[in-house]
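Comments concern the structure below.
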Amino acid sequence: MIAAAERSHLGQSFLLGSTEMLRDLLVGLLSCSDSRRIVIHANLHTIYSKSRSQSLRKLLDDLPDKLVFFEGIALKLSRFVCSGETWPDVNGTDLIPLVLERAPEGTRVAIIGGRADVTDLACRRLSARYQNLDIVSQLDGYDGMQHLDAHITYLKAERPDIILVGLGTPNQEILAAQLLHDVAPRLVWAIGGFLDVASGTAARAPALVLAARLEWLWRLLREPARLWRRTFVEGPWLVRKVMERLLVGEGARS
């Protein structure tokens, strides 16, 4: 099997690989007692947020114990325009279940994020689906954040193998870095909206829409108030960044 490759685009380093390759990498890390990694799926929203958040920029540029995966049609197209290369991209909502189902028996999981009802339902569904997992704690991403410090103390005693954090970018990545330092699980995974899907409160796009790489449009039409900015602000920002790289001749090198 060809090893995952480290490549850079738009000033961000990514670990590239197929879904199966990255799945096996993460399952292997869950089996390794000295593993300590943050897993981040970086899409256009992540790269845009990095340009606006010094904390996220420092984390993505300087933190050594991170795995940053390439995600999303916008970045995929921008890379092709810059270099003519088509990079594999891996969606977290697809990858997370593949890793959970192959995690070692007795893998201890903590979950942070989502509304209280969504988090509770997601935990119950994940427990029923993955008999190999032991969900040792859950904390919702709203009122539960008032008790974050106490919960981190609790997690230190519980020693989860993996912590799933779904608070939205950049909050989830910043908290993931803190949890990696304070709790030291084998993996801390920034999971975006995975809990909504896992709980059944949000559906994936139809198969034909997914195949056509138009899930972003399907989601925009369903949630325009929440997602319009990602299309009409972040999209033009990306076009400008790509044009800058083409004009200065950096497309093949970054």
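Summary of computed values
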{"quantity": "Scope region 76-114; condition of a type in the set (Gly, Ala, Ser), over 30 Å from Leu133 (Cβ atoms) and not in a helix (DSSP H, G or I); matching residues", "calculated": "Gly84"}
{"quantity": "Any chance Gln172 is outside any loop (DSSP other than H, G, I, E, B) and crowded, with 21+ Cβ neighbours inside 10 Å", "calculated": "yes"}
{"quantity": "Conditions (1) at pLDDT 95 or above; (2) open to solvent by less than 20 Å² (accessible area, probe 1.4 Å); (3) not in a loop (DSSP other than H, G, I, E, B); number of the one not met by Pro160", "calculated": "(3)"}
{"quantity": "Qualifying residue in region 59-72 (condition: in contact with a Phe, Trp or Tyr (Cβ under 8 Å, 6 or more places away or on another chain), farther than 20 Å from Val188 by Cα and in a helix (DSSP H, G or I))", "calculated": "no"}
{"quantity": "Every residue from region 200-223 that is closer than 23 Å to Arg129 by Cα and touching a residue at least 24 places away in the same chain (Cβ under 8 Å)", "calculated": "Gly200, Thr201, Arg204"}
{"quantity": "Pairs with Cβ under 7 Å, 6+ apart, first in region 46-57 and over 15 Å from Phe70 (Cα atoms), second small (Gly, Ala, Ser)", "calculated": "Leu56/Ser49"}
{"quantity": "Cross-chain or 6+ apart pairs with Cβ under 8 Å, region 149-170 first and over 16 Å from Asp134 (Cα atoms), then of a type in the set (Lys, Arg) and open to solvent by 10 Å² or more (accessible area, probe 1.4 Å)", "calculated": "Pro170/Lys50"}
{"quantity": "Residues that are part of a strand (DSSP E or B) and small (Gly, Ala, Ser), drawn from region 134-157", "calculated": "Ser137"}
{"quantity": "Of the criteria (1) in contact (Cβ under 8 Å) with a residue 60 or more places away in the chain; (2) assigned to a loop (DSSP other than H, G, I, E, B); (3) open to solvent by 40 Å² or more (accessible area, probe 1.4 Å), which one Val197 fails", "calculated": "(2)"}
{"quantity": "Residue list for region 2-34, filter: part of a helix (DSSP H, G or I) and open to solvent by 50 Å² or more (accessible area, probe 1.4 Å)", "calculated": "Glu20, Asp24, Leu25"}
{"quantity": "Evaluation of Lys76 against (1) out of contact with any Asp or Glu (no Cβ under 7 Å at 6 or more places or on another chain); (2) open to solvent by less than 50 Å² (accessible area, probe 1.4 Å) (one fails), failing number", "calculated": "(1)"}
{"quantity": "Selection from region 84-103 of residues that are open to solvent by 40 Å² or more (accessible area, probe 1.4 Å) and over 15 Å from Ala5 (Cα atoms)", "calculated": "Gly84, Asn91, Asp94, Leu98, Glu101, Arg102"}
{"quantity": "Top-ranked residue of region 128-153 - restricted to ones that are open to solvent by 50 Å² or more (accessible area, probe 1.4 Å) and touching a Leu at 6+ places or on another chain (Cβ under 9 Å), ranked as nearest to Leu167 (Cα to Cα)", "calculated": "Met145"}
{"quantity": "Residue in region 35-62 that is farthest from Arg229 (Cα to Cα), counting only those that are out of contact with any Leu (no Cβ under 8 Å at 6 or more places or on another chain) and open to solvent by 40 Å² or more (accessible area, probe 1.4 Å)", "calculated": "Asp62"}
{"quantity": "Flag if Arg230 is under 26 Å from Gly11 (Cβ atoms) and either under 19 Å from the mean Cα position of the chain (by Cα) or modelled with pLDDT under 85 (or both)", "calculated": "yes"}
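Okay, residues lined up against (1) modelled with pLDDT under 85; (2) hydrophobic (A, V, I, L, M, F, W, C); (3) open to solvent by 70 Å² or more (accessible area, probe 1.4 Å); (4) outside any helix (DSSP H, G or I):
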| site | (1), (2), (3), (4) |
| --- | --- |
| Trp189 | no, yes, no, yes |
| Thr201 | no, no, yes, yes |
| Leu221 | no, yes, yes, no |
| Arg226 | yes, no, yes, no |
| Gly235 | no, no, no, no |
| Lys241 | no, no, no, no |
| Glu244 | no, no, yes, no |
| Arg253 | yes, no, yes, yes |
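The values are calculated or read from the model by the stated rules, or taken from the named source; none is laboratory data. Not measured: the values here are computed from a predicted model. Note: ideal-geometry Cβ built from the backbone for every residue, glycine included; neighbour counts use all protein chains shown. The accessibility values were calculated without ligands, DNA or RNA, using every heavy atom of the protein model including side chains. Shrake-Rupley method; radii C 1.70, N 1.55, O 1.52, S 1.80 Å.
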